[in-house]
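What follows is a set of notes on a single structure, which appears directly below.
The values are calculated or read from the model by the stated rules, or taken from the named source; none is laboratory data. Computed from a predicted structure; not experimentally measured. Counting neighbours? That spans all protein chains shown, and the Cβs are built from the backbone with ideal geometry, glycine included.
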Amino acid sequence: MSALKIALLGVSEVEHGDHRLTFPDRKALALLAYLATEGGVQERQKLTRLLWPESDMAHGRTALRITLLHLRHILEENASPDCEAHLLITHDTIGLDPASGIDLDLHALETAWKLVRALPAPEALQEEVRRTLIARLQSAAVLYRGGFLQDFTLRNTLDFDNWVGMQQGYWYQRIEQVFDWLSQLQIAEGALEQAIETVERWRSFDPLNEDISLRLMHLQFASGNRIAALKTYETYQDVLMTELSAKPSRKLVALAEVLRNASPPRGAHSGAGRCATTARPLLNVPFVGRGAEVSRLMTLYEQASSGQPRVTLLEGEAGIGKTRLAATLLDWVKAQGAEVLEGRAFQTSQRLSYQPLIEALRTRLEQEHDLRQWLGDPWLAELSRLLPELRERYPDLPPLTINGAFVSSRLFEALARLTQALASQAPLLIFADDMQWADASLVEFVEYLLEWSRS
């Protein structure tokens, strides 16, 4: 039995055995593509109306018989005499025999798409499972060379053209999810360069999709290639202006701005003596071996920004790059438009209660003109336990009357309401450095806030 290999994703290619087939009659190829894609057997009347709509039924059926004869000749010309026929032909129907050895790229893509639909989150998969899935999805992704029946047209066949258009959308949705999952699995595996190659190939099929360019910039940024990330932005900007006379979203513009300002170190000064930038030096050296950590943090942020609160602990020996990893994440999160509150615990003879949180909130609240738009006076009064200057700012706050066992619960409630008010304006990230010096009360509040947010 000679294998019939049909590739319809991109410019169509048909091989029979070791021979590439040519189709002088374009409708013979259209007929083969339709039978292969739809599967089963198709009524001759339906095929006639699809491919010869301008003809009456008698002339249309005659044209179908001639085209079918051409197709049989093309398929059987290089087949051995005892080869089983691929076509199933009756008086009223025509189809392809799936048991005759047909290799269709659509089947492989559909199988890969069904596979990813049943998967949990990429980071939840075991390492060996993840690697096996990456190999399977790569095999499916390489089959996609372009849109369904790319550059193939027929004259005066509106219904066939509409069918091709629907198939193009259908199969792009499938490959889009395969590219998405493949890149996520590669990120979870720490294979950033492979993920970049996957997303670059994905972008080549959909250059106007901003989410693809955004993901590519994130990956290039995480791998240490700031220049490539900026080039990706500029390319997308040019394509968008050329094709749609439009501009990138504020989210993408903000990320590009962070990347442009990434090189000068913190505190660099201009000739006039003023600070030229407050941006950290981002990824001047690539994160060798840290791709999995970077991608994991990015994933957690995306989950939190979609309404799923997350707590993350960066833990390890001194000098392994925790601070730099955190700094990179904070700059990336700010580029997404998030609110970032930063504080730090200090080593003292007696641990200071809530020190990182006090530092973070004090800096932020000083920038706000009217805190009463966020919290009522009873809750501002509770916050004054940590920030006494609130009473100078609002002298008419009610006195604190509750003490003892209820103090912590009231304070935690006030802090939780404040974080909710901040998070209602933009995704919120609270970063506390040197947590080994933090007191137990801060840890208890973090636990309270997580449960409070989930409820």
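Would segment 40-48 turn up any residue that is in contact (Cβ under 8 Å) with a residue 12 or more places away in the chain, closer than 30 Å to TRP181 by Cα and among the hydroxyl-bearing types (Ser, Thr, Tyr)?
no
Conditions (1) assigned to a helix (DSSP H, G or I); (2) outside the structural domain of LEU158 (by TED's automatic domain parsing); (3) of a type outside the set (S, T, N, Q), marked per residue:
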position	(1), (2), (3)
GLU15	no, yes, yes
PHE23	no, yes, yes
LEU29	yes, yes, yes
GLU54	no, yes, yes
HIS59	yes, yes, yes
THR67	yes, yes, no
ALA85	no, yes, yes
HIS91	no, yes, yes
LYS114	yes, no, yes
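Looking only at residues that are without any contact (Cβ under 8 Å) to a residue 40 or more places away in the chain and surrounded by 14 or more Cβ atoms within 10 Å (Cβ to Cβ) in segment 330-361, which one is nearest to LEU214 (Cα to Cα)? I'd like the intermediate steps shown before the answer.
At the first step, the residues of segment 330-361 found to be without any contact (Cβ under 8 Å) to a residue 40 or more places away in the chain are 349-350, 358-359.
Now narrow it down to the ones that are surrounded by 14 or more Cβ atoms within 10 Å (Cβ to Cβ): 358-359.
Working: ILE358: 34, GLU359: 33 Å.
Restricting to residues being without any contact (Cβ under 8 Å) to a residue 40 or more places away in the chain and surrounded by 14 or more Cβ atoms within 10 Å (Cβ to Cβ), the top hit is GLU359.
Out of all the residues in segment 122-158, which are in contact (Cβ under 8 Å) with a residue 60 or more places away in the chain and of a type in the set (Gly, Ala, Ser)?
Answer for segment 122-158, where residues must be in contact (Cβ under 8 Å) with a residue 60 or more places away in the chain and of a type in the set (Gly, Ala, Ser): ALA141, GLY146, GLY147.
From the residues in segment 39-52 that are in contact with a helix residue (DSSP H, G or I) (Cβ under 9 Å, 6 or more places away or on another chain), assigned to a helix (DSSP H, G or I) and of a type outside the set (S, T, N, Q), which one is farthest from PHE152 (Cα to Cα)?
Only one residue fits best here, namely ARG44.
Hey, does segment 337-359 have a residue that's modelled with pLDDT of 85 or more, among the small types (Gly, Ala, Ser) and out of contact with any Pro (no Cβ under 6 Å at 6 or more places or on another chain)?
no
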